[in-house]
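All of the numbers you see were taken from the coordinates with simple rules; none came from a lab. Note that the structure is a prediction, hence the values are computed from the model and not measured. No Cβ is skipped: glycine too gets one built from the backbone with ideal geometry, and neighbour counts run over all protein chains shown.
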Amino acid sequence: MTGRRALIVGASSGIGAAVTEVFAGAGADVVAAGRRIHRLEGVAAGAAGLPGNVTPMELDVADEASARVGVAAAAEILGGLDVVVNNAGVMLSATVQTSDPAEWERMVRTNLLGTLHVSHAALPHLVASKGTLVQTSSTSGRTASAGSGVYAATKHGVNAFSEALRQEVAAQGVRVVVVEPGMVDTELADHLSDPTMRTLAAQMAGEIRVLDPKDVAETVLFAVTRPPHVSLNEILLRPTEQVR
Ligand SMILES: NC(=O)c1ccc[n+]([C@@H]2O[C@H](COP(=O)([O-])OP(=O)(O)OC[C@H]3O[C@@H](n4cnc5c(N)ncnc54)[C@H](OP(=O)(O)O)[C@@H]3O)[C@@H](O)[C@H]2O)c1
């Protein structure tokens, strides 16, 4: 990864913070983006001794202008983009009957539209470098289940968009990689407003050995370090004990 230039969006905690650390550890220069700048500064400070540089950047994927300007600024700082990781996401699960449509809108704006905005802004840079676009989807991008209808809809959307994009840019040497983790130990479930879903998430996390963010980060590193003619299009990884 030495000399490679990476933008990680949704890098302030969990999987994105781990990807930032693993990439910088492997020598890549990284712009770590998200809304919570103090957390991003902490991620950058934690990476201080690593071979690659980490630059924190404030960026809100739910705001098209912020995504566009942020991607351009990251390309400017790094002198181009070889890897972009679209990792920003929120999971506000609840049943359709009990959920708040304002939360549906937040998930669609962040998980789906946010991924679209960042991908669109990043494409000219990735075409120029024959780079790699990594999309953090989920097992919910493959299988929907009760209580996660809208979250699953956003992740199915990410998968569909990414497959179409892959076909569009394959001949230009750009790789599109969809990563679909099962349960990972992060802050994702902390934002659940539905008490039943909070209990359920805590219960599930307590019953099995879930993935560490680093498990996912190392998988992403593996995918982006394959030779240029090898494209891992879709990677599903679950905790071993996770059944669905
Ligand atoms: N944890 C799991 O079990 C799991 C499983 C499958 C897939 N995933 C996916 O993995 C990704 C990362 O989640 P995580 O589990 O690592 O949870 P997390 O610790 O809550 O991280 C979510 C990241 O997304 C960023 N984000 C949220 N809204 C944003 C916005 N509007 N603009 C920019 N950044 C935004 C957050 O940064 P700020 O708040 O600073 O903006 C944070 O860095 C998500 O796409 C999630 O759906 C997680």
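Provide the packing ranking of 212-220, 130-138, i.e. peptides ordered by the mean count of other C-beta atoms within 10 Å per residue, highest first.
Details: 212-220: 20.2, 130-138: 24.1.
Highest to lowest by the protection proxy: 130-138, 212-220.
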- request: Could I have the simple spin-label model distance between ILE37 and LYS130, label points 7 Å from Cα toward Cβ, reported in nm to one decimal?
  value: 3.8
- prompt: Considering the chain as a Gaussian network with a 10 Å cut-off on Cα pairs, which listed residue, VAL61, VAL22, VAL230, attains the greatest mean-square fluctuation?
  reply: VAL230
message: If R₀ is 30 angstrom, what is the calculated FRET efficiency for the pair ALA45 and HIS191, using the beta carbon separation as r and rounding to 0.05?
response: 0.75
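By per-residue mean of other Cβ atoms within 10 Å, what is the highest-first order of 86-95, 234-243, 34-43?
My ranking of the peptides, most packed first, is 86-95, 34-43, 234-243.
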statement: The set of residues whose placed amide H lies less than 5 Å from the amide H of VAL178, leaving out same-chain residues fewer than 5 positions away, is GLN135, GLU234, ILE235
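Highest mean first, how do 158-166, 198-206, 2-10 rank when packing is the count of other Cβ atoms within 10 Å averaged over residues?
Numbers: 158-166: 17.6, 198-206: 13.2, 2-10: 24.0.
With the highest mean Cβ count within 10 Å placed first, the list reads 2-10, 158-166, 198-206.
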field: Whole-number D in µm² s⁻¹ for region 1-127, Kirkwood Cα-pair radius fed into Stokes-Einstein, 37 °C, 0.692 mPa s
entry: 224
message: Please list 3J(HN,Hα) in residue order for region 192-202, calculated via the Karplus relation 6.51 cos²θ - 1.76 cosθ + 1.60 where θ = phi - 60°; whole Hz, with x for glycine and proline.
response: 4, 9, 7, x, 5, 5, 4, 4, 4, 5, 5
task: Give the long-range amide H neighbours of ASP60: residues separated by 5 or more places, or on another chain, with amide H under 5 Å away, using H modelled in the peptide plane at 1.01 Å from N.
output: ALA67
- request: Name the residues whose placed amide hydrogens come within less than 5 Å of the amide hydrogen of VAL90, ignoring near sequence neighbours (fewer than 5 apart) on the same chain.
  value: ASN111
statement: Note to self: Kirkwood Rh of region 119-237, Cα pairs, one decimal, Å, is 15.6
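Based on the Kirkwood radius over alpha-carbon pairs, what value in µm²/s does the Stokes-Einstein equation return for the translational diffusion coefficient of region 116-161 at 20 °C and 1.002 mPa s? Mind showing how you got there, number by number?
Values: Rh = 11.7 Å.
For the chosen part, D equals 183 µm²/s.
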field: ³J(HN,Hα) computed for each position of region 146-157 - Karplus, 6.51 cos²θ - 1.76 cosθ + 1.60, integer Hz, glycine/proline x
entry: 3, x, 10, x, 6, 4, 4, 4, 5, 6, 4, x
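For MET107, MET1, what's the fewest-to-most ordering of other Cβ within 10 Å of each Cβ?
On the way: MET107 24, MET1 21.
Ordered from fewest to most neighbouring Cβ atoms within 10 Å, MET107, MET1 come out as MET1, MET107.
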field: the chain: projected area of the alpha-carbon convex hull, averaged over directions, in nm²
entry: 12.0
message: In whole Hz and in residue order, list the ³J(HN,Hα) couplings for region 43-49 that follow from phi through the Karplus curve 6.51 cos²θ - 1.76 cosθ + 1.60, θ = phi - 60°; x for Gly and Pro.
response: 5, 5, 5, x, 9, 3, x
